[in-house]
Amino acid sequence: QVQLVESGGGLVQAGGSLRLSCAASERTFSTDAMAWFRQAPGKEREFVAAIRWSATFTRYLDSVKGRFTISRDNAKNTVYLQVNSLKPEDTAVYYCAAGPVVTDSTTPYNYWGQGTQVTVSS
């Protein structure tokens, strides 16, 4: 059972930055893809970014390209999401997820963290 623990959320002003972290208890073949999703109040959970442990591959939601950067540290089993130029519409709970393939659908991701709140004030 893979456990994911997120950290790094907080309250920031528009234009600010945060670095979110997701520490995985282990890396397995079935959790090669690591992703960040977010869910705002009253909205569905949406894909933000994804990366693979085993390859140089990343994928982003169009609206965050150029502002968010996903990266990984294999030695620490940790995935990061650097979020810059934050906007009020980025306010959401950000979740880390692990699964076998990179996709923007929530379904293939087998493991989820508890979430970390990001609030952007205008």
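The slack between residue 105 and residue 82, meaning 0.36 nm per residue of separation minus the straight C-alpha distance, is 6.1 nm. Dividing the alpha-carbon radius of gyration of the chain by the rule-of-thumb value 2.2 N^0.38 Å gives 0.97. Taking a straight Cα-Cα cut-off under 21 Å and skipping sequence neighbours fewer than 8 places away in the same chain, the lysines within cross-link reach of residue 87 are 43, 65. Using a 7 Å offset from Cα along Cα-Cβ at residue 54, what residues in segment 78-115 end up with backbone N under 14 Å from the label point? Answer for segment 78-115: 99-102.
Taking the accessible area of the chain, probe 1.4 Å, and keeping the other protein chains in place, the carbon and sulfur fraction comes to 47%.
Neighbours of residue 20 by Cβ distance under 15 Å: Lys/Arg scored +1, Asp/Glu scored -1, total +2. At a probe radius of 1.4 angstrom, the accessible area of the chain per residue rounds to 51 square angstrom.
The values are calculated or read from the model by the stated rules, or taken from the named source; none is laboratory data. None of the values given here were measured: they were computed from a predicted structure. FYI the Cβ positions are ideal-geometry reconstructions off the backbone, even for glycines, and counts take in every protein chain you see. All accessible areas refer to the heavy atoms of the entire protein, side chains included, with ligands and DNA or RNA removed. Shrake-Rupley method; radii C 1.70, N 1.55, O 1.52, S 1.80 Å.
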